[in-house]
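What follows is a set of notes on a single structure, which appears directly below.
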Amino acid sequence: MSNQNGGKAAGFQGKLVDRAFNVLGVLLFLAVWQSASMLNLFGPDFSASFSPVAAFSALGEMISSGELLHHSIPSIRRVLTSLFLAIIVALPIGVLVGYFKRVEQLTYVVFQFMRMISPLAWMPIAIIIFGVGDVSVTFLLWLVAIWPLILNTSHGAGRVSPLWVNMSRTMGAGDSGILRKVIIPAAVPDMLTGLRLAVGVSWIILVPAEMLGVPDGLGYFILDTRDRFRYDQLMATIMVIGAIGYLLDSGNRWLIRKFAWKI
Amino acid sequence: MNDMAKTGKLLLELKDVCKTFRKDGAEFRVLEGVNLRIDEGEFVCILGPTGCGKSVTLQIVAGLLDQSSGSVILDGKEERGPGPHKGMVFQEYALLPWRNVIENVEIGLELKGVSKKERRRIAMEYLEIVGLKGSERSMVHEISGGMRQRAAIARALANHPKILLMDEPFEALDALTKEEMQIQILKAWEKTKTTIFFVTHDVDEAIFLSDKICVMDINPGRVKKIIDNRLPRPRHENVCRTDKAFGEMRDQIIQLYSSLKDDELDLVF
């Protein structure tokens, strides 16, 4: 491998080398983390339990006790439910906003204003309306997921070439035909980009949202491990949060590779 | 004369078609009283420099623009709006990039509700006519401009249009591909017997392809002269470009534009 070809070697062997560098990065990261704990960077009392070694053994313990599943499943469920509800609401709105100039003008200021507000700011209102629990958390996640979906979908629907629309009219398409055969498929790559961003922010907001009075979930478990001084479990939970987030994003990247068309 | 498809039956009639655009309160007369008759099976070229309204005329026939006055009568009926009975081929191809070649060709049939199997069969038939067999699974970004335009022609033909409208379809192609496509469209025309209304600003192209050339004038756009093109067919062998009759027709057209200043005349000779 060399810099001349952008650090990417060709062929199967090249792919192996590329992967090896990914693995090397992870190992280096673990080494830095381990050294930090060995150098007592987390303080003299707790540094040992902050180490990756302690975290991995706590992780094994959490897997066998069933705690990991017990807290991961509600978290994943909340994120997927809110994403599903966000998609149902945001995609039609995004298409309308993107395609009709007047709808865009009508909504522009409000949407740009709303998307800058952290959903956590809505927390007291969510609790007044929905009470403490699952529904409030799902609502907050929904509130953060709709903006990237709406804005990206509208961008996609907005750059539909008038030529495609005229072509489909000469092919016999009415309004619904234009919508189904041109506008929606044209917006798919942007919808997927919006979905990827939505998954990212939802997963990030999940942890603080689950600190607001639900009895399970990874965010809840972070507080729980802190209260029990189980910093090894805390670090294990952080690793799990990162890992699930990484997997969700990989799924999205796969969707983009598979379904986003190229010019 | 190609008489295999000709029935002498009137298919399209433009009666006193006028078009005025309004911009910043001012009115621009783009077309003034265009009258034209096209018979079934005819290949008619509309030729003129930029600003003569030839594309506007075609778009009015396609139903993508409304005329300010006058009427467009197709097959005895007054036309309003676009439809699959008037196939349109755009200069920029207008293929959908998320569909492969055959899916692009099928779109009109899909909108009509034709079954998938039948769609495939019809689309393959027209892909073969335009010489694209073997590329049906290619994506649009993988194929050349000439191949894209072939796909667009197959897409328009697959609807079985009464008339095929072509808006400077070969302008974006290089000279060699352009000639190849001219031969291809003549072959497709002979095979399908579709009436073709073809916009161009290339004099040779108009002479090579047409039965009739509608020569347009500018300021405002109007029909200057309709020339009957009696060059013998078939013309694919390319010999006729050097024919005496070809040259005479060329001279006749150049004569028609002798009153225009050089900068107004962007025709290709």
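Nothing in this text is a laboratory measurement; each read-out follows from the coordinates by a stated rule. Since we're looking at a predicted model, the values are computed, not measured. No Cβ is skipped: glycine too gets one built from the backbone with ideal geometry, and neighbour counts run over all protein chains shown.
General remarks:
- Residue order, fewest to most surrounding Cβ atoms within 10 angstrom, among B:SER135, A:SER136, A:SER202: B:SER135, A:SER136, A:SER202
- Distance (nanometres) between label positions extended 7 Å along Cα→Cβ at A:ARG159 and B:LEU10: 4.9
- Residue list for segment A:85-101, given a label point 7 angstrom along the Cα-to-Cβ vector of A:PHE113 and an amide N cut-off under 11 Å: none
- The C-alpha atoms of chain A define a longest principal axis, and helix A:231-259 lies at about 30 degrees to it.
- Backbone geometry of segment B:170-177 corresponds, through the Karplus equation with coefficients 6.51, -1.76 and 1.60 at θ = phi - 60°, to 3J(HN,Hα) couplings of 10, 5, 7, 9, 6, 4, 5, 5 Hz, x marking Gly and Pro.
- For chain B, the Cα-based Rg and Dmax, in that order, read 18.4, 57 Å.
- Residue-averaged 222 nm ellipticity for chain A, from DSSP H runs of 4+ at -39500 (n - 2.57), nearest 500: -26000 deg cm²/dmol
- Three-way shape label, the protein assembly as shown, alpha-carbon gyration tensor, a/c 1.5: prolate
- Peptide A:127-139 - average C-beta neighbours from other chains (10 Å radius): 0
- Rounded tilt (10° steps) of B:145-157 against the dominant C-alpha axis of chain B: 90
- Ranked by how many other Cβ atoms sit within 10 Å of their own Cβ, fewest first, the residues A:VAL32, B:VAL34, A:VAL132, B:VAL114 fall in the order A:VAL32, A:VAL132, B:VAL114, B:VAL34.
- In segment B:92-160, one over the average inverse separation of all distinct C-alpha pairs is 11.5 Å, which is the Kirkwood hydrodynamic radius.
- The spacing between segment B:174-217 and segment A:95-167, judged by their C-alpha centroids, is 50 Å.
- Per-pair calculated FRET efficiency, R0 = 22 Å: B:THR50 and B:ASP174 via Cβ, rounded to 0.05: 0.60
- For B:LYS187 and B:GLN252, the FRET efficiency from 1/(1 + (r/R0)^6), where r spans their Cβ atoms and R0 equals 22 Å, is about 0.20.
- Rounded FRET efficiency, nearest 0.05, which uses the C-beta distance separating B:ASP228 from B:LYS77 and R0 of 25 Å: 0.40
- Applied to segment B:86-98, the Karplus parametrisation 6.51 cos²θ - 1.76 cosθ + 1.60 on θ = phi - 60° returns per-residue 3J(HN,Hα) values of 10, x, 10, 10, 8, 4, 8, 6, 6, 7, 8, x, 8 Hz, with x for Gly and Pro.
- In segment B:14-168, one over the average inverse separation of all distinct C-alpha pairs is 16.9 Å, which is the Kirkwood hydrodynamic radius.
- For chain A, the percent of C-alpha pairs falling in each 10 Å distance bin, counted from 0 to the bin holding the largest distance, reads 7, 22, 25, 23, 16, 6, 1, 0.
- Folded to 0 to 90 degrees: helix B:244-256 orientation relative to chain B principal axis, Cα: 60
- Neighbour-count order for A:PHE111, B:PHE197, fewest beta carbons within 10 angstrom listed first: A:PHE111, B:PHE197
- Cα→Cβ-extended label distance, 7 Å offset, between B:PHE28 and A:PHE21, nm: 5.4
- 3J(HN,Hα) from dihedral phi, segment A:34-51, Karplus parametrisation 6.51/-1.76/1.60, rounded to Hz, x for glycine, proline: 4, 5, 4, 6, 5, 8, 6, 5, 8, x, x, 7, 10, 3, 4, 7, 8, 6
- Long pairs among B:LYS23/B:LYS225; A:LYS101/B:LYS19; B:LYS77/B:LYS117; B:LYS9/B:LYS117; B:LYS77/B:LYS162, criterion Cα-Cα beyond 23 Å: B:LYS23/B:LYS225; A:LYS101/B:LYS19; B:LYS77/B:LYS117; B:LYS9/B:LYS117
- Environment charge of B:LYS19, counting only residues whose C-beta is closer than 10 Å and scoring Lys/Arg +1, Asp/Glu -1: -1
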